[in-house]
Amino acid sequence: MSLIAELQRRNVIRMAGLYLVGAWLLVQVAGTVLPMFGAPTWLPRSVVILLALGFVPALAFSWVFELTPEGIKRDVEVPLDQSIATQTAQRMNRMIVAILALALLYFGFDKFVLAPRRDAALVAVTTQAVTAGAKARMKPDVDRNSIAVLPFVNMSGDAANEYFSDGISEEILNVLAGAPELQVAARTSSFSFKGKALEVPAIARELQVRMVLEGSVRKQGDKVRITAQLIDAKTGFHVWSQTYDRKLEDIFAIQDEIAKAIGDELKVKIGGADKPGRDGGGTRNLKAYDLYLQGMSLWHARNEKDLWQAISLFEKAVAIDPELAQAYAGLALVYSVMGDYSTRIPYAESLARSANFAEFALALDPTLPEPYAVMGNNAANQKRGATADALFRRAIEIRPSFATAYQWRGSAQLSDGNLAIGLVTLERASALDPRSRVIGENHAWALLALDRNAEARARCLRVLEFAPNYSGCLEDAGVAALLSGDFAAAQPLLVRLATSINPSASGQSKALIDALTGRGNRHALALRLAALPHYSKTDPSSGNAFSAYTLPSVLMLLGEGDLALDFMERIVDDFGADVNWAVLPAAMDPIRCQPRFRALIKRIGAIDSRAAKVCVGKP
């Protein structure tokens, strides 16, 4: 007997056909039905693999066993009766035909009845998702005249030219920010998306703007090619685009042309753009302008190393071109904040240099807004509130979308005790620069001052989403959690604070929470904190990560009001601005009505807006 005949007699060939048809049917059913029940994607694949593995065992089974009228028997037990074999084969054939008929019936039903319904449902779900996504792209009240300028892509093939393409973008942003009818997202926020694979609608939604300007810069020798395009994030369409091929000496004119074209498209007046070639704030020297752009990129980084390097670059720029007002304004900006980031220079000297450079910049170019903002910040630190506010308002008048001016003005209002005005102003700064770390932190402290601890914590947690190691918000969020009694949430934040700013304070949060929960000596810890010098958080051996304006609230949580007053009275002569912020939170309420506290408020020249509520009926 040949092998083929033996395979036919033992029904192995029929079993192979039956198995393949059944497996195919099972795979089709599994692929259709399982996803309806939310089955994981690996389950249908597993069914295919198991069926493939079972093919050979099924053939072996059909060789060893045979289907007879009396049931399944081993082949050796089955007599070679041709009629029985014929009957068995006929039954097998009928079974295969029946299975094939059922399969064809099912797939006909699936193709002409079920599939159209599934497709219609899929289209409906997809349409709903797309519609929802389109609606989510932009709030309906976002003004068409709101715009973000993304950092232009450096196409020069040299990473060293990155500052140049960034600088072009920032200069265009500054020109647009001078238009009162435009709301321009600040550089900190719009540049935070640099190098990230996000679509324009997603960026616009994050910054809450309608229009987005993007482009590229190719700088080669003495020539430059700039391509710019304006996109309406609501529709996704290009509103305007243009390519400029010019000599490098025309760079200032190109910036103005781009800004003017956007103004024409949005039907708003762009100040200064009617006079092409503003000479870059008084210079035609490209080397000086290069150094200025590099310095500004470092100013925005806001850390000690970069700020000192920025000063060096600005100084080189003015050495090349003593008439470069923008570089003097850059020096004024850096020195105005240097005291918060470095102990290499006394705070008072830093502010004095800042004021000098601001005045020099204004003498060269009175249309620059930065010097007014710097002078306002200096006046606020000197307790000249009315003067400071007038200077801030002038800076904002020149550049209505100047987020830093709004931030400094809001912070000054807080320091003076005008909590409501300070909060509104900081909210405006946050709207213009939603991804600014320092603005977010200032905004959170304003909320803390108003006893809105949960909101303050939430505001800083949003900052920590894109700046997880930012010490200002780690501190504010941690303090907000402490003031709310949520010690479990406070401790990890304060541990991260110590890691980021002063590792010697790694055990400070545990010691504090142990004291607050009765497992440690409160008074001993309070004595140690109250004896700390003003800038102890920057001392790598101090064991402290709290700022001077935060420590009084911590002392109040420990129940040590007298020590909190001792600490504030001691540091007020060193630099009173920290005391201005320290007296704001509701944590100070238990001592707010004491004569020492009232004398301190008078000494720093602040208005204690909470006293009217807390001290009613008290002497």
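Values quoted throughout were computed directly from the atomic coordinates according to the rules given, and no laboratory measurement underlies them. Model, not experiment: these values are computed from the prediction. Positions of Cβ are backbone-derived with ideal geometry, glycine not excepted, and every protein chain shown enters the neighbour counts.
Miscellaneous remarks
- Solvent-free Debye scattering, log10 I(q)/I(0), computed from the Cα coordinates of region 190-268 at q = 0.12, 0.18, 0.20 Å⁻¹: -0.39, -0.82, -0.96
- Each residue of region 596-608 was assigned a 3J(HN,Hα) from its phi angle through the Karplus curve 6.51 cos²θ - 1.76 cosθ + 1.60 (θ = phi - 60°); the sequence is 5, 5, 5, 5, 5, 4, 5, 5, 8, x, 9, 10, 8 Hz, with glycine and proline shown as x.
- For region 297-387, the alpha-carbon radius of gyration amounts to 1.02 times the rule-of-thumb value 2.2 N^0.38 Å expected for a compact globular protein.
- Region 337-342 - phi-based ³J(HN,Hα) in whole Hz, Karplus 6.51/-1.76/1.60, Gly and Pro as x: 10, 4, x, 7, 10, 8
- Fraction of alpha-carbon pairs over 26 Å apart in region 502-619 - percent: 20
- If you wrap the Cα atoms of region 146-277 in a convex hull and average its projected area over all directions, you get 7.4 nm².
- Less than 5 angstrom separates the built amide H of SER241 from those of LEU230, all sequence-distant by 5 or more or on a different chain.
- The Cα-based radius of gyration of region 353-397, divided by its Kirkwood radius, gives an Rg/Rh of 0.95.
- The amide H of PHE152, built 1.01 Å from its N in the peptide plane, has SER169 as neighbours under 5 Å, considering only residues 5 or more places off or on other chains.
- Table column - 3J(HN,Hα) (Hz), region 252-264, Karplus curve with 6.51, -1.76, 1.60, x for Gly and Pro: 5, 5, 4, 4, 5, 4, 5, 4, 5, 4, 5, x, 4
- With the highest mean first, a sort of the peptides 494-505, 161-172, 519-530 on other beta-carbon atoms found within 10 angstrom per residue produces 161-172, 494-505, 519-530.
- Note on ASP250 and CYS615: their simple-model spin labels are 6.7 nm apart, each label 7 Å out from Cα toward Cβ.
- Computed from label points 7 Å out along Cα-Cβ, the spacing between SER541 and LYS305 is 2.4 nm.
- Globularity index of region 386-462, i.e. its alpha-carbon radius of gyration over 2.2 N^0.38 Å: 1.03
- Relative to one another, the C-alpha centroids of region 369-426 and region 562-619 are positioned 22 Å apart.
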